[in-house]
Amino acid sequence: MSRPTERSLRELAERIGARVEGDGAVRVTDLHSLEAAGPEHIAPLLDRRFRARLQDCRAGALLLDEGLAKEISESDERPRLVADKARLAMVRLLETFHPTPRPAPGIHPTAVLGDGCEIDPAATVGPYVVVGEGSRLAAGVWLEAHSVVGRHCDLGEGCRLHPQAVLYDETVLEAGCEIHSGAVIGADGFGYATDGGTHHKVPQVGRVVLEAGVEVGANAAIDRATLGETRIGVGSKVDNLVQIGHNCQTGRACILSGQVGLAGSTTLGDGVVLAGQSGASGHIRLGDGVQVAAKSAVLNSIPDGQKVAGIPAVELSLWKRRVVLFGKLQKLVQRLRGVEDRLAAVEEAAPVKDEEGRD
Amino acid sequence: MSRPTERSLRELAERIGARVEGDGAVRVTDLHSLEAAGPEHIAPLLDRRFRARLQDCRAGALLLDEGLAKEISESDERPRLVADKARLAMVRLLETFHPTPRPAPGIHPTAVLGDGCEIDPAATVGPYVVVGEGSRLAAGVWLEAHSVVGRHCDLGEGCRLHPQAVLYDETVLEAGCEIHSGAVIGADGFGYATDGGTHHKVPQVGRVVLEAGVEVGANAAIDRATLGETRIGVGSKVDNLVQIGHNCQTGRACILSGQVGLAGSTTLGDGVVLAGQSGASGHIRLGDGVQVAAKSAVLNSIPDGQKVAGIPAVELSLWKRRVVLFGKLQKLVQRLRGVEDRLAAVEEAAPVKDEEGRD
Amino acid sequence: MSRPTERSLRELAERIGARVEGDGAVRVTDLHSLEAAGPEHIAPLLDRRFRARLQDCRAGALLLDEGLAKEISESDERPRLVADKARLAMVRLLETFHPTPRPAPGIHPTAVLGDGCEIDPAATVGPYVVVGEGSRLAAGVWLEAHSVVGRHCDLGEGCRLHPQAVLYDETVLEAGCEIHSGAVIGADGFGYATDGGTHHKVPQVGRVVLEAGVEVGANAAIDRATLGETRIGVGSKVDNLVQIGHNCQTGRACILSGQVGLAGSTTLGDGVVLAGQSGASGHIRLGDGVQVAAKSAVLNSIPDGQKVAGIPAVELSLWKRRVVLFGKLQKLVQRLRGVEDRLAAVEEAAPVKDEEGRD
């Protein structure tokens, strides 16, 4: 799109805190994969398993960590950036080559703003954005086209709503949150008082708070609390199509992968990881560092640090053993049949007499 | 946000059909949880298991049912509202303290209305709403910002579309339906005629009917019928991210929890409950009152009243026994090995001769 | 809505490549199901199992294949269309009776177009559509109300975005793609470099390419690649609420049913079918023609043509056997107990001596 900027390895190394091996004057315009990179690109080798790809790789330079740099030092002569943490260095390189576009501050003439909104002059409000009364947008907030902010919301510095993200009334986003298109934050929790076969809606009068640096994927849904707060902890990342029920609470730096579901009032500690399509039932706690395997269903509280899998979820190594055993059921049945046959033969050869002496 | 209104317990009791124990002149401004309530609040105690929380509870008043009122009558001296159905009473209290905002009727100047729309003067059409030709909005309909109504739709009295809800052409919402943000009602069913490896789209020319009082959660999707109707029964509640395929039919007062999926032409009786992330395959019937456990997959029709669980789903108690047995597989294998060893010893001590008399 | 057009069976037969049995002058106005059709309708009988429904069917004409036509030739006297491929013929009939509305080309005055967009005069841009700078819309493109196209996107001939579909920057849609409401194409992949407990976002600088004729359901999400491309092959169909992670690649004519999830860098061959709520983990390949049963989790690569099921997924017939065995666990335990009892009796009758001669 725009003309690429060339940067020398030396300049890049300084910028991202890496060191150069080979010719630091070599210039590159972008980072590409080992397969796609050309002579004007740098390519990351982050995993030993992909070493063989170097052979056909046309990249002009490489990015790797100290260990891999040593390993390939004789077989590959390309200039390279060597970093302690190569994946983090890749992040910095990508940020350098692809800086997030920062739109000019200002309010698009088509935006509809409610009474009493406070919008920082350094915020950007895009076309057809609607902001409800009494909401506050801090500096650097970026509301893209068609995003909707309810009444009395509070968006901290640098928050970004992609097109058609929706915040219901009273939602709070601390600084640096990013909400992707179609995500809905603060819709009513799913709560009813059932009487005589009729479900009476429990008014959902709590709110949602996303702490600083939370990212929410496309078409995810985080419900407001019935009373009080649904709260997602600092730096947690929520993938596409995740469902978080009312009154859930997560610690910091949790990872909720695609299509994960948390029922109401689930509590996560810090650093909890839920893999894709897994779920947790309500009113339980997953302790700090708990890891849930894909497709699992956690029905009970899990202590800190445990890895779990299965439906219902059990300790991971136990689940693995059970899966192996499950695969051997057929053999188990055959062994049992063998035992029964042999036993019948034994019994026939030496009949067992019952207590009355009959056989 | 707005200044809270104080109400006496006596006034509240009358309003919600409860009775007062203690000083009916005590005034409260809101209902909060046992943990969060202050002296100016009333707090609900709906479950015996939470009795211990009363100790640190600062609420000025309590809400409970007759049984719990008796239980704590000596240990807790706070004035209280006592109701036959405390959870329903809580609903009424929340409705009292947090009435749903009713916007002024009228059509926002930015709304785009197709030819031949009939919009009741008592309906509210928000900013950037688009309504297709020939659609009808009854009194009290509230279309929030950016909601889109297709052509020839019919919305009954008091229906509410939250921001960015979408109705495709010909969708019918009976009175009192509420559709949350991002929900899509009436998109094409997933039907193809495959010929020579190519999938030819089957035109989806049916429609969706939501009967009175249906609530649909954020980012849920209910597909139109191929021919005829997809129909959700009176008072049924559909949670976030639920998928309902073409030509499904549900009875009244069904509950479809978060991320549930119904394949095409699934039929539910009245009062069916599907827990989170469960699913049902197409062309089957789940009878009245059927309950499906979280994460289960129902592959066959289920008779009235049955509770099921598992993949594929079986009767709940059977599934529970199997889960227990599954957990004992390791021991089972050990027992079998023990039997084999003992049998070998028996055989060695008293060799069994084969039919030719050899051992 | 509009007055229906009558067409004779003879005219229809010619149009769809079928032949008439009976009176070709009979006129019908629409196609309805066997249950709903009246004398002015034609009804399809596509499956032998539904033959009994003919008895009460009021349709004026039938559509069926050669085999079924022969079967009912004596029992049912209605005129009929007979086709080699009756389901495909039904598609053609529905297209005839319900042609997709083609809006007048033109750009709605409320549309917001970025600098340097190229919009073909034969494209239609609806109300409140936003198109970013440098994007290109070919002839016949139809952007419905509130759809959002990012910057530098490229939409081929005849692509249709339903209301509130979103394309992020640089997305490519080849000719004839259809994107339903709420679908989000090109949002950031879920990738982080975690360092010291903090998740640093990996900039997602790749893009999404949908090849010709891809259809994407409501509220589905297809993430852009970290580097390079996420690519959906020609004629593949993606149902509602499906999640496709960054860098996935599918072959042609794949079917991804409702709520399916593909983790990052999953590769599908041609004609792969994933049933509802199933998933595949990342960095694996599902070969040509692989079929995955509903609710399954594929954790390893699968060779061409295999059908799999289960969590983790195994070959389908194996999974079926295991499900049967699982259902017999209780009996297995009973048999084992029986063996243990009998063995104890044998041992008592003829004590086995250990090596030291003790019993």
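The values are calculated or read from the model by the stated rules, or taken from the named source; none is laboratory data. Model, not experiment: these values are computed from the prediction. Cβ placement follows ideal geometry from the backbone for every residue including glycine, while neighbour counts extend to all protein chains displayed. Surface accessibility is based on the protein's heavy atoms, side chains included, excluding ligands, DNA and RNA. Shrake-Rupley method; radii C 1.70, N 1.55, O 1.52, S 1.80 Å.
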Compute the distance in nm between two label points, each set 7 Å from the Cα along the Cα-to-Cβ direction, one at B:Asp23 and one at A:Arg19.
7.6 nm
If we count every other residue with Cβ under 11 angstrom of B:Gly338's Cβ, Lys/Arg +1 and Asp/Glu -1, where does the sum land?
+1
Connecting C-alpha atoms closer than 10 Å in a GNM of chain C, tell me which of C:Lys201, C:Lys331, C:Lys237 has the biggest fluctuation.
C:Lys331
Proximal lysines relative to B:Lys70, as straight alpha-carbon distance under 26 Å, when same-chain residues fewer than 8 apart are discounted:
B:Lys85
Keeping all protein chains in place, calculate the accessible area per residue for the range A:141-216 (probe 1.4 angstrom), answer in Å².
22 Å²
Using only DSSP helix segments of four residues or longer, with each worth -39500 (n - 2.57), what per-residue ellipticity at 222 nm results for chain C after dividing by its residue count and rounding to 500?
-5000 deg cm²/dmol
Over the range B:241-351, with neighbouring protein chains present, the accessible area per residue in Å² at probe 1.4 Å is 39 Å²
Work out the length of the dipole vector of chain C about its Cα centre, built from +1 on the beta-carbon of each Lys and Arg and -1 on the beta-carbon of each Asp and Glu, and round it to the nearest 20 debye.
760 debye
Of all DSSP beta bridges having both residues in the range A:162-284, the percent classed as antiparallel (nearest 5) is 15 percent
Cα Rg, Dmax (largest Cα-Cα span) when computed across the protein assembly as shown, Å:
32.3, 103
Ignoring everything but the protein chains, give the 1.4 Å probe accessible area of B:Asp23 in square angstrom, nearest 10.
90 Å²
Output row for A:Asp47: copy-to-copy label distances, label 7 Å along Cα→C-beta, ascending, in nanometres, one decimal, is 4.2, 4.2
What are the nm distances, shortest first, from B:Arg321 to its equivalents in the other copies, labels at 7 Å along Cα→Cβ?
2.5, 2.5
Report, please, the projected area of chain C averaged over directions, based on the convex hull of its C-alpha atoms, in nm².
31.8 nm²
What is the antiparallel percent of DSSP beta bridges lying wholly in chain B, to the nearest 5?
15 percent
Log entry: pair-distance distribution for the range C:60-180, C-alpha pairs binned every 10 Å from zero, whole % per bin is 14, 36, 15, 14, 14, 7, 1
Run the reach check for C:Lys331 against lysines, Cα to Cα strictly under 19 Å, same-chain hits fewer than 8 apart removed. What comes back?
A:Lys328, A:Lys331, B:Lys320, B:Lys328, B:Lys331, C:Lys320
Space enclosed by the convex hull of the alpha-carbon atoms of the range A:223-337, per residue, Å³
93 Å³
Area projected by the alpha carbon convex hull of the range B:113-222, averaged over all directions, nm²:
6.9 nm²
All-pairs alpha carbon distance profile, the range B:6-139, 5 Å steps from 0, percent:
2, 10, 18, 17, 11, 5, 5, 7, 8, 8, 5, 2, 1, 0
Of all the accessible heavy-atom surface of the range A:209-270, with the other protein chains kept in place and a 1.4 Å probe, what percent is carbon and sulfur?
51 percent
For the range A:151-260: relative contact order, % (alpha-carbon pairs under 8 angstrom, 6 or more apart):
21 percent
Expressed as a whole-number percentage, the relative contact order of the range C:56-100 with C-alpha contacts under 8 angstrom and at least six residues apart is 40 percent
Pull up the cross-link candidates among the lysines for C:Lys237, meaning alpha carbon to alpha carbon under 17 Å and not fewer than 8 places away within one chain.
B:Lys201
Which whole-Hz ³J(HN,Hα) couplings does the range B:234-250 yield from phi under the Karplus relation 6.51 cos²θ - 1.76 cosθ + 1.60, θ = phi - 60°, glycine and proline marked x?
2, x, 6, 10, 10, 7, 4, 6, 7, 10, 10, x, 5, 6, 5, 9, 10
Which distance in Å, rounded to a whole number, links the C-alpha centroids of the range C:104-125 and the range A:260-278?
43 Å
Estimated buried accessible area (total), pair B and C, 1.4 Å, Å² to nearest 100
5100 Å²
Taking θ as phi - 60°, what are the ³J(HN,Hα) couplings along the range A:34-43 by the Karplus curve (6.51, -1.76, 1.60), each to the nearest whole Hz, with x for Gly and Pro?
3, 6, 9, 5, x, x, 8, 10, 9, 10
Based only on Cα atoms, what mean projected area does the convex hull of the range C:189-258 have, in nm²?
4.9 nm²
Interchain or sequence-distant (5+) residues whose placed amide H lies within less than 5 Å of the amide H of A:Asp30 are A:Ile42
With all protein chains present and a 1.4 Å probe, the order of C:Thr226, C:Thr198 from largest accessible area down is C:Thr198, C:Thr226
Separation between the A:Ala345 and B:Gln55 pseudo-spin-labels, each 7 Å from Cα along Cα→Cβ, expressed in nm?
6.8 nm
Spelling it out for A:Ala297: with amide H atoms placed in the peptide plane at 1.01 Å from N, the residues 5 or more places away or on another chain with amide H under 5 Å from its amide H are A:Gly279, A:Gly310, A:Ile311, A:Ala313
Derived scalar couplings ³J(HN,Hα) [the range C:210-218; Karplus, 6.51 cos²θ - 1.76 cosθ + 1.60; whole Hz; x for Gly, Pro]:
9, 6, 4, x, 6, 10, 10, x, 4
How high is the FRET efficiency between B:Ser75 and B:Gln334 when r is their beta carbon distance and R₀ equals 56 Å, given to the nearest 0.05?
0.65
Computed over chain C: relative contact order in percent, which uses C-alpha pairs under 8 Å that are six or more apart:
6 percent
By DSSP, what percent of the beta bridges with both residues in the protein assembly as shown are antiparallel, rounded to the nearest 5?
15 percent
